[in-house]
1. Find the accessible area per residue for the chain; the probe is 1.4 Å, ligands and nucleic acids are left out, and the unit is Å².
2. Residue separation times 0.36 nm, minus the C-alpha to C-alpha distance between CYS153 and ALA227: what's the value?
3. With unit charges on the beta carbon (Lys/Arg positive, Asp/Glu negative), name the residue among THR42, ALA284, ILE142 whose Cα is farthest towards the positive pole of the charge dipole of the chain.
4. When the Karplus curve 6.51 cos²θ - 1.76 cosθ + 1.60 is applied with θ = phi - 60°, which whole-Hz ³J(HN,Hα) does each residue of the stretch 120-130 get, with x for Gly and Pro?
5. Starting with the highest mean, order 240-253, 83-96 by the number of other Cβ atoms within 10 Å, averaged over the residues of each peptide.
6. GNM on the chain, C-alpha springs below 10 Å: top fluctuator among ILE294, ILE171, ILE79?
7. Taking 23 Å as the cut-off for C-alpha to C-alpha distance, list the pairs among LYS130/LYS172; LYS49/LYS166; LYS63/LYS120; LYS166/LYS219; LYS49/LYS172; LYS58/LYS166 that go past it.
8. Based on the Cβ-Cβ distance of ASP281 and SER220, what FRET efficiency does E = 1/(1 + (r/R0)^6) give at R0 = 35 Å, to the nearest 0.05?
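The values are calculated or read from the model by the stated rules, or taken from the named source; none is laboratory data. Note that this is a predicted model, so its numbers are computed, not measured. As a convention, Cβ positions derive from the backbone with ideal geometry for all residues, glycine included, and neighbour counts pool all protein chains shown. Please note that ligands, DNA and RNA were not included when accessible areas were found on the heavy atoms of the full protein model with its side chains. Shrake-Rupley method; radii C 1.70, N 1.55, O 1.52, S 1.80 Å.
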Amino acid sequence: MKRRINPEIFTLSGVCLNGDFNPHHVCPQYLEKITESLGYMTLVSSNCKAIIEVEWTKLLPDKPTTITIIASGCTKKSIRDDTIRIRHYSHLIEAYIHFVFLAANIASPGCISFYSSKLKHSSLAEIDTKFMLSGDTYGLMIAIESSNWPEICNIDINDVKAWLEKVGYGIKQIATTRTDNTLFSFLYLSSTNEWLLDGVLWISYALEGLYDTPAFNIKSALTKRIALLHGMPTAAVKKKLSRFYDIRSSLFHGRMKIPHPMHNEVLDQSVWDWDESHDVDCVALAGRVVIASIQQLVRNDFSHLTFTESLNGTRPGLDGS
């Protein structure tokens, strides 16, 4: 390792490696891959450059853990003030944490969480950033019992990292491509407050970004395009996907009966009936399609999906006319 220039030490508390959904998440080999692939990364903004070093192998399965992060490498003469440099480092570390969370949960959905995790500096008290990134959201989407379609697999995290770099995901803060829209929506899903309502919003946004759906006949076009990538689902699964878009339309056009933000069943027991709706399973299935579709982009090294229509003419007499 080269000599660190202007190093600063941060801690990230409350990191959790989750083994509930897949034993693969907690095996030593998986932790080693995270460390090898994501333990050393350089991020550059217009204001600062940071070399970020983390020993992810210190994570403990199913137990919130505190990780030490070292940022170094800022040599810009315009940043002479230590406080300003530390702030810039913290911004790049935030981007790095989002990168790690995204890459790990694409590679193995549900494997890692930074929910209520806090980033702090060793001496600058004003650095106190809280993350609300839960991998459990993705784990629940792949754990639905009603369907094994579409296929969800474990992907080498090195492949995911390489793909994210190819599609330009890094420190970008405003989406400029359909793939950006999908990835940003994927991140928003991890911090949803109301699973059904927020899930419908961000899953539908991610799907429409992935599949470039037209403004009209969205449900029909989306179903056909999903089948092209993942194969034709069963009639029961198609019915659930159709129901998902009915839910979407009901929410977006003001027809859905939504709960009060308090969500208090003591004051109104009808909340229980709302929670027991089968619609949750339909939304989870649509979320599973998002995860599987992103994995397919990675596995096929696609930056995005493009769909075209074809026209074939038949000469007179050749069709029996």
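1. On the way: 16910 Å² over 321 residues.
With the other protein chains kept in place, the chain gives 53 Å² per residue.
2. On the way: separation 74, 0.36 × 74 = 26.64 nm, distance 1.79 nm.
24.8 nm is the gain from fully extending CYS153 to ALA227.
3. Result: THR42, furthest along the dipole toward the positive end.
4. 10, 9, 5, 9, 8, 5, 5, 7, 8, 9, 9
5. Values: 240-253: 17.4, 83-96: 19.6.
Peptide ranking by packing, descending: 83-96, 240-253.
6. Between ILE294, ILE171, ILE79, it is ILE79 that shows the largest mean-square fluctuation.
7. Values: LYS130/LYS172 20 Å; LYS49/LYS166 20 Å; LYS63/LYS120 19 Å; LYS166/LYS219 31 Å; LYS49/LYS172 15 Å; LYS58/LYS166 29 Å.
In this structure, LYS166/LYS219; LYS58/LYS166 exceed 23 Å between Cα atoms.
8. Details: r = 22 Å, r/R0 = 0.62.
In this case the efficiency is close to 0.95.
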